[in-house]
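Quick notes on the structure that follows.
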Amino acid sequence: MSAKTLMIQGTGSGVGKSVITAAFCRKFFLDGQKVAPFKAQNMSLNSYVTEDGGEMGRAQVYQAEACGIKPCVTMNPVLLKPMRDALSQVIVLGRAVETRSAKDYFNDNDNNGKGKYLPEVKKALQELMNEYEVVVLEGAGSPAEINLRSCDFVNMEMAEAADAPVIIVGDIDRGGVFAWMKGTYDLLSPNEQERVAGFIVNKFRGDFKLLEPGLRMFEEMTGKPILGVIPFYRDLYVDEEDGIPHVNNPASLGGASILDVAVMRLPRISNFTDMAPLVHDPSVSLRYVWSPEQIGNPDLIIIPGTKNTLDDLKFLNTQGLTQEILDRRQSGSVLLGICGGFQMLGTEIHNPHKVESQALRMKGFGLFEMDTTLEKEKITRQVETVASSSPVFSKGLPVRGYEIHMGTTQLNSPYPSLFSNGARVEDGALGICDENGMVLGTFVHGILDEDDLRRDFLRHVRKMRGKPEPESTFDYQAHRQKGLDRLGQIVADHIDMDRIHRIMA
């Protein structure tokens with residue numbers, strides 16, 4: 001089988017490529033086709049672990065969900081995870097292979113620069129094309145970055161490898177969409193321009209009659225069609241690839257059962273998709289904070305994952321947030337640390353190999369008697385177990401998620417375990433809490449995606465804070481599927497799908 005292909009590129013980052021790719025994936029899936037997503041390279045701190053322990057970008061996981069299939073690393077063969085400015089961990093086919101500077105990575109020499117990964121990337125693409133009827137490819141940034149053209153294999157080189165027609169997406173909400181799209185098109189080579197099948201205008205709001213003359217003029221200027229205009233949707237919630245999503249402001253919300261959740265906005269925050277179920281839950285008001293003045297008196301404080309635990313802990317100390325968090329805990333706020341945030345809750349963090357940070361040692365919050373030593377090898381694996389009997393969860397509730405962390409954690413005192421496999425596993429603490437369930441930490445990402453476990457946790461927080469239960473419960477999994485179906489319908493309603501099928505044929 002050799003799949004039909006379609007590639008979504010954009011005029012820049014954040015114009016909606018990932019979402020539109022997911023929307024096309026869902027439309028093809030709803031039409032009964034066997035479809036898969038592909039992005040040659042992601043740069044993101046939101047990642048996922050597959051069944052075989054491979055690490056890949058969350059955007060392609062979301063797109064795979066749109067396709068009704070399990071994610072695999074061939075859908076995102078190269079993942080860059082920024083550790084510091086201009087320094088990233090390089091993950092190839094799910095495994096961390098090296099740490100590279102931007103200058104080194106963008107070396108024009110294919111043997112030393114990022115072109116060294118190209119054979120494996122093309123092989124992964126071909127495997128998907130052999131297995132599926134349709135492959136929807138996504139580009140990165142813009143295909144017209146003239147300073148990077150010589151070493152860009154994510155955009156037009158992948159379109160050529162897949163023989164894929166290219167649709168370029170422009171974000172009209174930012175303004176200047178026609179200049180942006182025309183400039184992108186003009187900076188492409190003649191062969192690349194020939195591969196462009198058309199354009200999509202994304203995030204339109206206003207009077208379409210005022211826009212329509214511009215669409216016709218643009219088509220005359222480029223000789224390429226506008227294939228659709230997608231409206232701006234305020235209530236469209238999707239997985240974010242890089243940018244932290246817009247969230248509610250608790251000051252604008254009422255209701256005694258509404259939980260106020262404050263998440264620490266760490267400089268190297270990772271896997272903030274862990275908070276997505278709370279962002280979408282109408283009984284929760286979640287906000288990101290980065291200064292003590294913003295914390296207020298939250299019901300729940302979350303210290304999320306990070307790609308640089310020590311430097312982000314230093315940030316909390318410097319900002320005065322560490323003491324503020326400790327003060328809020330004393331006044332009754334529940335505190336949850338996830339992955340790197342969990343490591344921070346211990347006594348000390350040791351960094352003998354200078355993993356991620358140049359700091360060799362740093363004191364933690366001291367809320368758990370445990371020490372963490374950061375190691376060179378990364379732990380990536382899925383977790384499937386049940387909750388143990390603890391102050392936080394009801395015994396036996398299903399727990400599913402995944403671990404992504406570098407380091408081993410040694411408990412120096414016994415604590416209630418959150419999970420049935422005990423507070424200790426072969427490499428340290430998997431999930432624990434204090435005796436009252438006011439402070440808890442876990443290495444498991446994604447556990448709040450499980451509806452029963454999340455409801456139990458929020459019930460515990462409300463109990464600790466003296467708040468009533470909401471009148472209705474929130475089903476996050478059903479919410480996700482409904483959102484994906486809506487994406488497919490948006491494509492059907494606003495894109496010329498008959499023309500898309502002719503282009504792909």
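Laboratory data are not the source of any read-out in this text; all were calculated from the coordinates shown. Just so you know, these numbers come straight off a predicted model, no measurement behind them. Note that we place each Cβ from the backbone using ideal geometry, even for glycine, and neighbour counts take in every protein chain shown.
DSSP assigns beta bridges within the chain; of those with both partners inside it, close to 50 percent run antiparallel.
With the simple spin-label model, which puts each label point 7 Å out from Cα in the Cβ direction, the residue 331 to residue 219 separation comes to 6.0 nm. The dipole here belongs to segment 408-505: it is taken about the Cα centre, uses +1 on the Cβ of Lys and Arg and -1 on the Cβ of Asp and Glu, and is about 240 debye. Taking every C-alpha pair closer than 8 Å and separated by at least 6 residues, the mean separation divided by the residue count of segment 54-123 gives a relative contact order of 23 percent. Among 123-134, 167-178, 462-473, 301-312, the peptide with the highest mean count of other Cβ atoms within 10 Å heads the list, and the full ranking is 301-312, 167-178, 123-134, 462-473. A Förster radius of 25 Å, combined with the Cβ-Cβ distance separating residue 212 from residue 187, puts the computed FRET efficiency at roughly 0.40.
Once both labels are positioned 7 Å from their Cα atoms along Cα-to-Cβ, the gap between residue 348 and residue 235 label points is 5.4 nm.
Residue 94 sits among other residues whose Cβ lies under 10 Å from its own Cβ, and their net charge, with Lys and Arg +1 and Asp and Glu -1, is -1. For the chain, find the longest principal axis of its Cα atoms and tell me its angle to the long axis of helix 177-186, 0 to 90°, nearest 10. Once rounded, one gets 60 degrees. Cross-link check: pairs 182/224; 4/27; 123/307; 354/378 evaluated at a Cα-Cα cut-off of 19 Å; pairs beyond the cut-off: 123/307.
What the Cα convex hull of segment 258-470 gives, in volume per residue, is 102 Å³. Give the calculated FRET efficiency between residue 133 and residue 52 to the nearest 0.05, with a Förster radius of 25 Å applied to their Cβ-Cβ distance. For R0 = 25 Å, the calculated efficiency reads 0.55.
Rg and Dmax over the alpha-carbon atoms of segment 331-378 stand at 11.7, 39 Å. Taking 0.36 nm per residue of separation and subtracting the Cα-Cα distance, full extension of the segment from residue 452 to residue 411 would add 11.9 nm. Compared with the dominant Cα axis of the chain, that is its longest principal axis, helix 17-30 is turned about 80°. Only helices enter the 222 nm calculation for the chain: every DSSP H run of n ≥ 4 contributes -39,500 (n - 2.57), and dividing by all residues gives -9000 deg cm²/dmol, rounded to 500.
Taking a straight Cα-Cα cut-off under 16 Å and skipping sequence neighbours fewer than 8 places away in the same chain, the aspartates and glutamates within cross-link reach of residue 116 are 98, 104, 108, 152, 157.
Here each label is just a point 7 Å from Cα along the line to Cβ, and for residue 400 and residue 294 those points are 3.3 nm apart.
Here 280, 445, 353 are placed in order of increasing Cβ neighbour count within 10 Å, fewest first, which gives 353, 280, 445. Determine the relative contact order of the chain: mean sequence separation of Cα pairs under 8 Å and six or more apart, normalised by residue count, in whole percent. The normalised contact order for the chain reaches 15 percent. Compared with the dominant principal axis of the Cα atoms in the chain, helix 321-330 is inclined by about 50°. Compute the signed sum of charges (Lys and Arg +1, Asp and Glu -1) over the other residues within less than 13 Å, Cβ to Cβ, of residue 223. That sum, taken over residues with Cβ under 13 Å, equals -1.
Net charge in the neighbourhood of residue 132 (other residues with Cβ under 10 Å of its Cβ; Lys, Arg +1, Asp, Glu -1) is -1. Stretched out straight at 0.36 nm per residue, the stretch from residue 95 to residue 479 would grow longer than its current Cα-Cα span by 135.1 nm.
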